[in-house]
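Structure first, commentary second.
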Amino acid sequence: MSVCALTAAGFYLKVHSTTAALLYLIVIVLVALRTGAAPSAVTALLAYIGLDSFFTAPLFRPAMNQPLDVVAPIVFLTTAFTINRLAAKNRQSFQEIQSLQDQLRLVMDTIPGLVWSESPNGSVEFLNQRWRDFLGASSAPVTDLRRNLPVHPAEADALAEQWQQARERGRAFETEVRVRRADGVYRRLRLHVVPAGEPGQVVKWYGLGTDIEDWRQAEETLARVESELALVARRTLLGELAASIAHEINQPLAAIVTNGNACLRWLGATPPNLPEARTTVTAIIRDGNRAAEIIARIRAMLSRTELKKATFDLGAALVEVLSLIRNDLVRKGITIHTRLASDLPAVFGDRVQCQQVVLNLLVNAVEALLPVTERWREIWLSAEPYGDGQVLVTVEDNGVGLGEAHEADIFDAFYTTKPDGMGLGLAISRSIIENHGGRLWCVAGDGFGAKFQFTLLTEGHAG
Ligand SMILES: Nc1ncnc2c1ncn2[C@@H]1O[C@H](COP(=O)(O)OP(=O)(O)O)[C@@H](O)[C@H]1O
Ligand SMILES: [Mg+2]
């Protein structure tokens with residue numbers, strides 16, 4: 001088509017003006033050189049020369065002294081042949097480009113990601129099918145992602161800022177934002193935007209978005225299940241313990257009450273039956289001692305449960321505990337500040353039991369923070385070298401504080417101020433720490449909250 005049109009135009013111009021025809025030739029050659037559209041331009045040029053030589057008074061006479069009717073058919077045939085070859089080649093490369101383009105588009109549209117490209121001024125040049133479906137872009141075509149992207153209001157400013165900075169510096173950036181899908185649901189996307197071109201001379205931006213909502217949800221569910229499991233495990237352990245304690249202690253207590261009543265009756269008789277009363281009181285004392293023995297046995301059992309003492313990295317153990325409850329803290333809007341001394345020595349003891357102590361203290365801190373609404377909920381956890389051959393661990397919170405409770409009471413077994421508390425956390429923690437040759441104590445917080453501290457022996461100082 002273009003060959004015919006150019007040829008016709010050339011022919012028309014030549015008939016009307018020789019100068020214009022010359023200019024036309026020059027333009028064709030220049031355009032061909034400039035745009036690289038060589039085959040079709042050369043085709044047009046040859047077609048034009050062919051016509052010119054054969055049908056009309058020639059502009060250029062290839063050989064002035066040759067008879068025209070010999071030269072003309074040769075030029076014509078050569079021209080026709082060349083035109084044919086060039087046109088075929090042209091058509092072939094055009095088809096190749098077309099099929100390459102189709103393939104590329106297919107890849108772009110089926111790739112499991114949101115792909116786009118945009119010019120340096122931000123106007124969208126290409127959005128793959130998935131992106132268009134995600135945005136519902138058929139109803140209102142997206143022209144500028146930086147402005148039109150329905151980002152969650154809480155994250156819009158941060159994204160705009162990041163985008164602006166990337167644009168100014170011509171640098172790639174990666175971010176995570178929630179974007180509203182066509183059905184109105186916000187999905188968490190991971191966006192990765194890279195510039196193309198020389199540094200400082202961006203000619204295009206390419207972007208890839210990945211929908212990570214499901215993945216994130218699964219991750220959160222897993223973390224929740226994990227921390228719930230840890231809690232359930234603790235609860236069941238303590239629950240079973242409490243049930244068996246109650247059962248064992250109930251018997252002597254019931255006997256004490258029965259004997260107490262009998263004793264009252266012996267004393268109330270006229271005259272009072274003192275020998276019988278003495279017997280029942282003896283029984284009461286015996287049962288009381290039995291109950292005390294049971295409690296002593298349980299405490300001993302709690303503090304002796306198979307210690308597996310070894311040298312361990314306290315910092316790493318604390319980080320592990322934090323990872324267990326981090327999600328819980330985030331959900332409850334609690335910020336935790338951790339400060340682990342860089343010269344923290346390795347400690348000696350049962351790693352899991354020491355972690356249990358920290359977990360107990362952190363759980364108490366969290367519970368003390370829940371009623372707090374008028375200030376930030378904060379916990380400070382630190383570990384540092386202490387005295388000669390010891391390490392000091394501190395868990396402090398700005399929660400409701402100890403209030404009426406006294407330090408002497410809170411470490412007692414079964415002392416609790418919580419409706420569903422067991423009152424065993426601090427008692428168990430203290431016996432664990434004492435079993436490790438350390439101490440656990442509480443410091444009244446200045447202002448709000450409470451501060452619990454304990455020591456552990458470092459490697460080489462443990463007896
Ligand atoms: N961080 C804290 N802030 C305020 N009170 C606390 C804190 N830690 C412990 N307590 C008090 O000590 C009591 C005993 O704690 P604990 O032995 O862990 O048992 P529980 O947590 O089951 O009540 C709690 O009921 C509470 O009154
Ligand atoms: Mg507790």
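Bear in mind these aren't lab numbers, they're just calculated from the coordinates by the rules spelled out. Predicted, not measured: the structure shown is a model, and the values here were computed from it. So basically every Cβ, Gly included, is an ideal-geometry build from the backbone, and we count neighbours across all protein chains shown.
Of all aspartates and glutamates in the structure, the ones whose alpha carbon falls short of 15 Å from that of LYS451, not counting any fewer than 8 places away in one chain, are GLU367, GLU378, GLU396, ASP397, GLU407.
On a per residue basis, the convex hull of the C-alpha atoms belonging to region 114-211 measures out at 81 Å³.
At most 15 other Cβ atoms within 10 Å and a DSSP loop assignment: could you name the trypsin sites (Lys or Arg not before Pro) in region 410-463 that fit? Sparse-neighbourhood loop trypsin sites (Lys or Arg not before Pro): ARG439.
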